[in-house]
Every structure is written in structure tokens, then in C-alpha cells.
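Report on the structure given below.
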Amino acid sequence: MDSLPALDRDASPEALPDSPAAEAPTFLDRLFDAGLLVRTGVDGLYGRSGAFESVVEALDRLVSRLGADDKAEVMRFPPGMSRSTFERSGYLKGFPHLAGTVHSFCGNEADHARLLACVEAGKDWTEKQAATDIVLTPAACYPLYPTAAARGPLPQGGLLFDLQSYCFRHEPSLEPTRMQLFRMREYVRMGSPDEVLAFREVWLDRGTKMMAGLGLPLAVDLANDPFFGRAGKMLANNQRNQNLKFELNVPVNSVEKPTACLSFNYHQDHFGTTWGLTQADGSVAHTACVGFGLERITLALLRHHGLDLDAWPADVRATLWG
Ligand code: ATP
Ligand code: ZN
Ligand code: MG
């Protein structure tokens, strides 16, 4: 299915403003018009309708069913995490441009009066905003590693966790699949290199079958994270050369630039070393995670099966809602 006629051309700057493509409603426009996503005035920040949420929830349950036999330990963190944990995680080395911090007012009454005057005048009012102890969670698994490490060495055979969180990334975009706040469902495996790589293989297979079973065209490809700056190019090359990241891509916004809906990441001993997480025998633990982008999979389904959920293929509806 490499030429879906109904897929919008990529909304790239090359599209001339007076070309017919520029006038056609985009996928995002159609999602707003159908009420599936709700405008907030900020690109990448949307409300979701009940119908949209019914798909997200069904996908969440479907992922749980796929992983049910593994008896993962369920843990849920809020969408904010400890700033000191975040600093130590190394996220700022790779992705300073995506991070979101929570700031709060720390002034006196005179500062408050100035703040209100600035708001009134439409000027910058954030002078007395100071960083709090909380940053926005960039990926569902980030708060987990120090939590697991604090329990002491892993038991024989390692550990498996089930996570879900809203995640923040400062990447405003008009592509509905690139949100600033979105939900990531994850499984995270901690153990020996063999154990975590076997876990990743299992989920590459399960994830592919799940998405194919939902009637979505897909391709699994080697990938890299968008590391910042010139040093980032090297990190991205290393990640690729070592086969550390795979993505399951589905054409959603365009056929030329398919969207990563699932990702399969092997961190080697990065988090084990960072957090002093060890295996039962005392050697440093390796970790891997599989991430499901719940909004992205929902959008892929809407893109391919239409905006009316009742009209989706019967087998897809049965898989999601039984
Ligand atoms: P991309 O290359 O498209 O930026 P990513 O490599 O940043 O994706 P991961 O960091 O692996 O993605 O995140 C795990 C999953 O979270 C992705 O497979 C995707 O489904 C989802 N995801 C990532 N970024 C976004 C976003 N901005 N909006 C919605 N979902 C996202
Ligand atoms: Zn993860
Ligand atoms: Mg990204």
C-alpha cells in the first residue's frame, strides 16, 4: 500500500501557498472538524473527544492482553518527574531542545503587582518564575529506573514493568501525530543483555502482529533518536550502527514520511550504570523498552479506516472492542 491516494501530501514548506494541495483541508483540519481532536490554540496541544479516547483505551487494553502472560509489574507515574532524577538521567545531554520544565512564581507582593501589570500590558510576566523540583516526563520509563535501582539488585531473571504516562516534548508541529503532550504505553525489561534483547525480539513480533491485525500497512525499520547538535550526529550514528533502536512505521501524514507508532529500544547499560542498577550476580543491569504511542496508533487507525469509528472494518472493531 505505498500509494494511498487519499493520504495528504506532506505539509512541507515546498508546497506553494496557491497550489491546490495547500487549499485542501489537512488531516488535522478534518480531525478538528469531526470533533475528534479539540483546538487549544497551541500546535501539538489538543483535547480529545470521547470517541478518540475510546480508541486509546481499547489500544491500551489490547497491549495489556498481549503482555498478560508475562506478569509485568504495573506502575503509574504522573506526567511530571523529579528534576534531580531528570538531570541525572542524561536526557539534557541528548535532548535539551525537547525538555519541558515546570516553573512557579517565587516573588513577593510587589513582584505580584508587577506580574499582573505585565500580563495586563501583554509583556513578559515570567521574570519571577523559578524552576520547581518538577520537570515534565519526556518518556514513560524515565521515572522508573531510579525507583527500581532503589530496591537493590535485580532478582535472578530480572524484572519487567508495565508503564503508561502522558509525556511532554517541545516539538510543536502541524502534523497531528507530533503532539507536545501525548501518552506512551511501555513495557520495560531489566536484566542481562540476553534477557533484554530476547524481550525486544518478542515485542517486535507482537507489535508487528498487533498492528497488522488492525489493518494497518507498516514497516519495521532501524531508527535513531533526534540527538541535539553536532555531537548528536555521532550519537545517532552509533545508535544505528549498534542496532539499538527500531521503529514500527505507518504512513499517516504522508506516504513519503511514515510515522513511528511503536519503538523498540535497547539502552545497553546506560540506565544500569547511571542508577547503579545491578543484576543478581552484581554485574551492571541492561535495559530495554517497547513504547506504544497511543495517540499515534489511534491517528493511524483514523487515517486508514476513516473518521467514523462505526464504519471501521468489523474485524478491527472486534479486536478493539470484542
Ligand atoms: P519520532 O522519531 O517520530 O520523533 P521518537 O523516536 O521520538 O519518534 P520515541 O522517543 O521512541 O519516539 O517514543 C516512543 C513512542 O512515542 C513513539 O514510537 C511514538 O509512537 C510516540 N511519540 C513520540 N513522540 C511523539 C509525539 N511528539 N507525539 C505523539 N506521539 C509520540
Ligand atoms: Zn522507554
Ligand atoms: Mg521524537
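Nothing in this text is a laboratory measurement; each read-out follows from the coordinates by a stated rule. Nothing here was measured: the structure is a model prediction, and the numbers come from that model. Counting neighbours? That spans all protein chains shown, and the Cβs are built from the backbone with ideal geometry, glycine included.
The table that follows gives values for the structure above.
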item: Reach of K233 by Cα under 19 Å, taken over lysines that are not fewer than 8 positions away in the same chain; result: K93, K245
item: Residues E87, E57, sorted so that the one with the fewest Cβ neighbours within 10 Å comes first; result: E87, E57
item: Column: log10 I(q)/I(0), Debye, Cα scatterers of the chain, q = 0.06, 0.09, 0.14 Å⁻¹; result: -0.24, -0.53, -1.19
item: Rounded if a/c under 1.5, otherwise prolate or oblate - the range 94-219, Cα gyration tensor axes; result: oblate
item: Spatially proximal aspartates and glutamates relative to K123 (Cα-Cα < 15 Å; intrachain offsets below 8 disregarded); result: D111
item: The chain - charge dipole about Cα centre, Lys and Arg +1 at Cβ, Asp and Glu -1, debye rounded to 20; result: 600
item: Translational diffusion coefficient (Stokes-Einstein; Kirkwood radius from C-alpha pairs) of the range 152-245 at 10 °C, 1.306 mPa s, in µm²/s; result: 98
item: Residue of P155, P143, P176 that the Gaussian network model of the chain assigns the largest fluctuation, springs spanning Cα pairs under 10 Å; result: P155
item: Counted charge near V56, where neighbours are those whose Cβ lies closer than 9 Å (Asp, Glu -1; Lys, Arg +1); result: -2
